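Report on one structure; see the data block that follows.
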Amino acid sequence: MTNTLEYNQPTFLRLREVAHMIGLQPGAINRAVRAGQFPRPFLIGVRTKAFKRAEIEAWMRQRDADRASYADPACPNVEARA
């Protein structure tokens, strides 16, 4: 994996951009941050907060990896039925 900065994608994301990216409402993101279930934003200005794109993308990858362990009776695992 390379650590090159892609100039077409900002390194920092504002709350609305994160909400659009992951499909959650800003209020839900704020609650998850307070509960320690989502990356914390940081100050980029006096009153301006932003999230690090790399942390949000890592959170998304982890959520995707974790879904394999979820037991959902509505969507049985094909291998489990065999």
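Restricting to the range 28-67, what's the tally of residues that are among the small types (G, A, S) and either touching a helix residue (DSSP H, G or I) at 6+ places or on another chain (Cβ under 9 Å) or surrounded by 10 or more Cβ atoms within 10 Å (Cβ to Cβ) (or both)?
Count: 5.
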First in the range 25-37 and over 18 Å from A58 (Cα atoms), second anywhere and in a helix (DSSP H, G or I) and basic (K, R), Cβ under 9 Å, 6 or more apart: P26/R16
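No lab work stands behind these numbers, since they all come straight from the coordinates. Note that the structure is predicted; figures quoted are calculated from it, not measured. Cβ: placed from backbone, ideal geometry, glycine included. Neighbour counts: every protein chain shown.
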